[in-house]
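Enquirer: Below you will find the structure I want to go over with you.
The values are calculated or read from the model by the stated rules, or taken from the named source; none is laboratory data. Computed from a predicted structure; not experimentally measured. Glycine gets a Cβ as well: all are built from the backbone with ideal geometry, and neighbour counts include every protein chain shown.
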Amino acid sequence: MKSPAAVRRILDALTLKYPDALCSLDYDKDYELLFSVRLSAQCTDARVNLVTPVLFERYPSLEDLAAADFDELCDIIHSCGFFRAKARDIIAASRMLLDEFGGKVPDTMEDLLRLPGVGRKSANLILGDVYAKPAVVADTHCIRIAGRLGLTDGTKDPVKVEKQLRAILPPEESNNFCHRMVLFGREVCSARKPNCGGCPLAEDCDYCRSAKEDVLESV
């Protein structure tokens, strides 16, 4: 695991590269982010951002979403994949938000996890972005890059990654760190071919160090 000094260097380098750590999903209301995250499962954020303007224009309120026609909703979100399950969750969650939470997205992990289609990743994103609470969004980028860097023990279990990162990240920086992981994963440290040669984190990265050692041993 990394020393506090190494963690600090990684955080500073990511902040320098991505000063504006923003969620890549577009939204105006708390529930819009909640449902955008649900739509993003097995789908790109770019695709979701094309679908949600149509979705929220057709259903401009929670009441409208709660009363949405299932087949019509499926047609709107069809291109996001798994559209039937996502449509069911959006309608059911809208009704629960109205019936049990006064039309507001709840601000605790326990309550968020009660909503249909919401797991820890989605709940952490809401807690961090909507309520500015310390949160670790263990998505695929975060899991992959944290393991390569040596910030975690390499586990692919999202709950374990979340726990290990919470132990080393400053709480006030954890949410922004995860947003930067997404940007960094898309631009530099991709799943198939990480650009170690152009990586600002290379000196503190276990994966880069191991790759260099392999090259030297083969010479």
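Enquirer: Between a first residue in the stretch 40-53 that is without any contact (Cβ under 8 Å) to a residue 40 or more places away in the chain and among the hydrophobic types (A, V, I, L, M, F, W, C) and a second residue that is surrounded by 18 or more Cβ atoms within 10 Å (Cβ to Cβ) and in a helix (DSSP H, G or I), which pairs have beta carbons less than 8 Å apart while being 6 or more apart in sequence or on different chains?
Expert: That search, which allows pairs on different chains as well, returns C43/C80; V48/S36; V48/L39; V48/C80; V51/L39; V51/I76; V51/I77; V51/C80.
Enquirer: Considering the stretch 21-70 alone, what residues qualify as being small (G, A, S) and surrounded by fewer than 16 Cβ atoms within 10 Å (Cβ to Cβ)?
Expert: S24, A46, S61, A67
Enquirer: Now a separate question. Filter the stretch 89-124 down to the residues that are over 16 Å from Y31 (Cβ atoms) and part of a helix (DSSP H, G or I) and list them by number.
Expert: M109, E110, R120, K121, N124
Enquirer: D129 - would you say it is at pLDDT below 95 and within 15 Å of the chain's Cα centre (by Cα)?
Expert: So D129 fails the test.
Enquirer: Still on this model: Out of curiosity, is Y131 within 23 Å of Y27 (Cβ to Cβ) and either outside any helix (DSSP H, G or I) or not aliphatic (A, V, I, L, M) (or both)?
Expert: Criteria met by Y131.
Enquirer: Also: Does the stretch 43-60 include one or more residues that are under 21 Å from T140 (Cβ atoms), β-branched (V, I, T) and at pLDDT below 95?
Expert: Checked the stretch 43-60: at least one residue is under 21 Å from T140 (Cβ atoms), β-branched (V, I, T) and at pLDDT below 95.
Enquirer: Being at pLDDT 95 or above, buried (at least 17 other Cβ atoms within 10 Å of the Cβ) and among the hydroxyl-bearing types (S, T, Y) is the requirement here; does T152 meet it? Walk me through it before giving the result.
Expert: Working: at pLDDT 95 or above: yes; buried (at least 17 other Cβ atoms within 10 Å of the Cβ): yes; among the hydroxyl-bearing types (S, T, Y): yes.
The answer is yes for T152.
Enquirer: Within the stretch 1-38, can you find the residues that are in a loop (DSSP other than H, G, I, E, B), touching a Gly at 6+ places or on another chain (Cβ under 8 Å) and closer than 30 Å to D89 by Cβ?
Expert: Across the stretch 1-38, there are no qualifying residues.
Enquirer: Right, here's the next one. Among the residues of the stretch 166-174, are any of a type in the set (V, I, T), in contact with a Cys (Cβ under 6 Å, 6 or more places away or on another chain), touching a residue at least 24 places away in the same chain (Cβ under 8 Å) and not in a loop (DSSP other than H, G, I, E, B)?
Expert: No, there is no match, as no residue in the stretch 166-174 is of a type in the set (V, I, T), in contact with a Cys (Cβ under 6 Å, 6 or more places away or on another chain), touching a residue at least 24 places away in the same chain (Cβ under 8 Å) and not in a loop (DSSP other than H, G, I, E, B).
Enquirer: For the list (1) more than 25 Å from I76 (Cα to Cα); (2) outside the structural domain of L11 (by TED's automatic domain parsing); (3) not in a helix (DSSP H, G or I), I need the number of the one condition that L151 fails.
Expert: Against the list (1) more than 25 Å from I76 (Cα to Cα); (2) outside the structural domain of L11 (by TED's automatic domain parsing); (3) not in a helix (DSSP H, G or I), L151 comes up short only on (2).
Enquirer: Being of a type in the set (K, R) and under 18 Å from C74 (Cβ atoms) is the filter here; which residues of the stretch 28-53 pass it?
Expert: Matches in the stretch 28-53: R38, R47.
Enquirer: Turning to a different aspect of this structure: For the stretch 73-88, does any single residue satisfy the condition of being under 24 Å from V136 (Cα atoms), touching a helix residue (DSSP H, G or I) at 6+ places or on another chain (Cβ under 9 Å) and either at pLDDT 95 or above or not assigned by TED's automatic domain parsing to the domain that holds R186 (or both)? Steps first, answer last, please.
Expert: First, the residues of the stretch 73-88 that are under 24 Å from V136 (Cα atoms): 86.
Those still in the list that are touching a helix residue (DSSP H, G or I) at 6+ places or on another chain (Cβ under 9 Å) too: 86.
Okay, now just the ones that are also either at pLDDT 95 or above or not assigned by TED's automatic domain parsing to the domain that holds R186 (or both), so 86.
Yes, the stretch 73-88 has at least one match.
Enquirer: Using beta carbons and a limit of 6 Å, which pairs, at least six apart or on different chains, have the first residue in the stretch 7-23 and under 17 Å from P170 (Cα atoms) and the second one among the aliphatic types (A, V, I, L, M) and not in a loop (DSSP other than H, G, I, E, B)?
Expert: Taking only residues 6 or more apart or on different chains, the pairs are V7/I168.
Enquirer: For the stretch 128-149, state whether one or more residues are under 16 Å from I10 (Cβ atoms) and surrounded by fewer than 19 Cβ atoms within 10 Å (Cβ to Cβ).
Expert: Yes, there is a match, as at least one residue in the stretch 128-149 is under 16 Å from I10 (Cβ atoms) and surrounded by fewer than 19 Cβ atoms within 10 Å (Cβ to Cβ).
Enquirer: A further question follows. Are any residues in the stretch 71-90 under 22 Å from the mean Cα position of the chain (by Cα), crowded, with 19+ Cβ neighbours inside 10 Å and among the aliphatic types (A, V, I, L, M), and if so, which ones?
Expert: Once the filter is applied, which keeps residues that are under 22 Å from the mean Cα position of the chain (by Cα), crowded, with 19+ Cβ neighbours inside 10 Å and among the aliphatic types (A, V, I, L, M), the stretch 71-90 yields I77, A87, I90.
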